[in-house]
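Engineer: Dropping the structure in here first, questions after.
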Amino acid sequence: MRRVGIIGAGNMGTALAHLLANNGADVVLWDHFSEVVEEINAVHTNSRYLPHITLPPSVRAVRDRAACVRDADLIVLAVPSPFVRAAMNGLAPHFRRKAFVLNTVKGIDPESHRPIFESIQNEIPDHHHCLLAGPAIANEFSRGGTTAVVIASGNPDAAEEAASHLESETFRVATTDDVTGAALGGLLKNCYALLFGYLDAAVNVGRNFEAALLTAATREMADLGEALGGRRDTFFGLAGIGDLAATAFSRDSHNRKCGRLLGTGMTLAEVRKAMSVLPEGVRTVTPVVAWAKEHRVPLPIGTFAKKIIAGGKVEISHLIQALA
């Protein structure tokens, strides 16, 4: 039986635990909150993050990070980007020599202001790394909803191995070697999803406008992603427009929800209180706009996303001009 250690029992970590265990893996989840760990072990549920599913008996939870990863063939990182460094601190010596890492975090390192995937590779240089990209709303695929994702890795064998852990009848997995493009697609789409949520609440734009905005946002993502070293075609696939569409329109999207709350007139501080933890897009959009300026890539739609988290308002007439 394959052994999987998952760092982080939030909605993504728990949904992947459910998927992997149903695929026959022995899964150990680590979480910071003792009540989450106790509930998973006692009644096989995680009402804090994913209340609608029951986890298989082959899933157990621990508070000891070393115990989570020890003897694991696959180690999954599923914590918010601000906590990745703390979660990984001192953990690498406990990895099996041939273990490989699957990163699900789609954000920016708060210290380096670079994609978190780069920091994880630097922290654990002696293991193969993979990145989960594409539209994977945890609440949906944990219910058995058909999902298609991409595993990105510079090592094709590692990508295929990770894919073999996850693949099921309803969870389809492709692979790519464009790690930079896949990582950028995952973090850029969060910024635009904030804007889609904001517009839905503040302006109630129609589907025609949303379709035009989705197209223009994808083009911006491709322009900036290519300037930063990704392949342009990646942003017109699952890791780009696919992930953007899911995050921009799903009711389960944290970034869309955050944008909607801002669109109702709430301040960012009020949104933080309402959501407990702000989504990745809030932390990402300012560095993204800075990257665009540095590389001289026009980013009008992304700049509107930055404006709303600063408390500004978006005039629809100004946004229309950005669609051309």
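What follows draws every value from the coordinates through simple rules; no lab data is involved. None of these values were measured; they are calculated from a predicted model. Glycine gets a Cβ as well: all are built from the backbone with ideal geometry, and neighbour counts include every protein chain shown.
Engineer: Express the Stokes-Einstein translational diffusion coefficient of the stretch 189-249 in µm² s⁻¹, to the nearest whole number, given a Kirkwood radius over alpha-carbon pairs, 4 °C and a viscosity of 1.567 mPa s. Show your work: numbers first, answer last.
Structural biologist: Values: Rh = 11.7 Å.
After rounding, the answer is 111 µm²/s.
Engineer: Let a ≥ b ≥ c be the square roots of the eigenvalues of the Cα gyration tensor of the stretch 3-177; is it rounded (a/c under 1.5), or, if not, prolate (a/b larger than b/c) or oblate? Before the final figure, lay out each step's value.
Structural biologist: Working: a/c = 1.44, a/b = 1.14, b/c = 1.26.
Rounded.
Engineer: Could you work out the local net charge near residue 232, counting Lys and Arg as +1, Asp and Glu as -1, over the other residues with Cβ closer than 13 Å to its Cβ? Let's see the in-between values first.
Structural biologist: On the way: positive: 219, 231; negative: 178, 220, 223, 226, 233.
Computed value for this residue: -3.
Engineer: Can I ask one more? Work out the length of the dipole vector of the stretch 3-177 about its Cα centre, built from +1 on the beta-carbon of each Lys and Arg and -1 on the beta-carbon of each Asp and Glu, and round it to the nearest 20 debye. Display every interim value, and only then the final one.
Structural biologist: On the way: 14 positive and 20 negative charges, 43 e Å.
Here the size comes out at about 200 debye.
Engineer: Another question about this same structure. Among 290, 268, 279, whose Cα lies farthest out toward the positive end of the dipole of the stretch 180-321, if unit charges sit on the beta carbon of Lys, Arg (+1) and Asp, Glu (-1)?
Structural biologist: Value: 268.
Engineer: Normalising by the residue count of the chain, find the relative contact order in percent from Cα pairs under 8 Å and 6+ residues apart. List each step's numbers first, then the result.
Structural biologist: Working: 650 pairs, mean separation 46.3, N = 324.
Once normalised by length, the contact order is 14 percent.
Engineer: While we're looking at this one, here's another question. Which value in deg cm²/dmol, rounded to the nearest 500, describes the helix-derived mean residue ellipticity at 222 nm for the chain, given -39,500 (n - 2.57) per DSSP H run of n ≥ 4 and division by the residue count?
Structural biologist: Working: 15 runs with 156 residues, N = 324.
After summing the helix terms and dividing by the residues of the chain, the value is -14500 deg cm²/dmol.
Engineer: Could you tell me which of 144, 188, 124 has its Cα farthest along the dipole of the chain towards the positive end, charges placed at Cβ (Lys, Arg +1; Asp, Glu -1), taken about the Cα centre?
Structural biologist: Farthest along the dipole direction, towards plus: 188.
Engineer: Select from the chain the helices, each a whole stretch of DSSP H, whose alpha-carbon atoms run 18 Å or more along the helix axis and whose Kyte-Doolittle mean is at least -0.5; answer none if there are none. Kindly include the intermediate steps, with their values, before the conclusion.
Structural biologist: On the way: long enough: 179-202 (36 Å, 1.06); 207-227 (30 Å, -0.07); 280-294 (21 Å, 0.05).
Correct list, ordered by number: 179-202, 207-227, 280-294.
Engineer: Please give the charge dipole size of the chain, origin at the Cα centre, charges +1 on K and R Cβ atoms and -1 on D and E Cβ atoms. Round to the nearest 20 debye. Please list the in-between numbers first.
Structural biologist: Details: 32 positive and 33 negative charges, 148 e Å.
Dipole of the chain, to the nearest 20 debye: 700 debye.
Engineer: In the neighborhood of residue 84, defined by Cβ-to-Cβ distances under 14 Å, what is the net charge if each Lys or Arg adds +1 and each Asp or Glu adds -1?
Structural biologist: Charge balance near residue 84 sits at 0.
Engineer: Sticking with this one: Most mobile of 53, 137, 116 per a Gaussian network model of the chain (Cα springs, under 10 Å)?
Structural biologist: Maximum fluctuation in the GNM of the chain, among the listed residues, is at 53.
Engineer: Can you give the net charge of the other residues whose Cβ lies under 9 Å from the Cβ of residue 147, counting K and R as +1 and D and E as -1?
Structural biologist: On the way: positive: 172; negative: 140.
Residues close to residue 147 contribute a combined charge of 0.
Engineer: Under a point spin-label approximation (7 Å from Cα along Cα-to-Cβ), what is the residue 111-residue 252 distance to one decimal in nm?
Structural biologist: Modelled inter-label distance: 3.3 nm.
Engineer: Report the gain in length on full extension from residue 236 to residue 44: 0.36 nm times residue separation, minus Cα-Cα distance, nm rounded to one decimal. Walk me through the numbers on the way to the answer.
Structural biologist: Values: separation 192, 0.36 × 192 = 69.12 nm, distance 3.87 nm.
Contour length minus Cα-Cα distance gives 65.3 nm.
Engineer: Scan (i) 17.6, 55; (ii) 20.9, 68; (iii) 19.0, 58 for the value of Rg and Dmax of the Cα atoms in Å calculated from this model and give just the label.
Structural biologist: Working out Rg and Dmax of the Cα atoms in Å from the coordinates points to (iii).
Engineer: Sticking with the crude label model, points 7 Å out along Cα→Cβ, report the distance from residue 146 to residue 313 in nm, one decimal please.
Structural biologist: 4.4 nm
Engineer: A further question on this structure: Across the chain, how many lysine pairs separated by 8 or more positions, or lying on different chains, have Cα atoms within less than 23 Å?
Structural biologist: Here the count comes out as 21.
Engineer: Same structure, new question: Kindly write out, for the stretch 50-57 in residue order, the coupling ³J(HN,Hα) from the Karplus curve 6.51 cos²θ - 1.76 cosθ + 1.60 (θ = phi - 60°), rounded to whole Hz, with x marking Gly and Pro.
Structural biologist: 8, x, 8, 10, 10, 7, x, x
Engineer: For labels at residue 172 and residue 320 in the simple 7 Å Cα→Cβ model, what's the distance in nm?
Structural biologist: 3.9 nm
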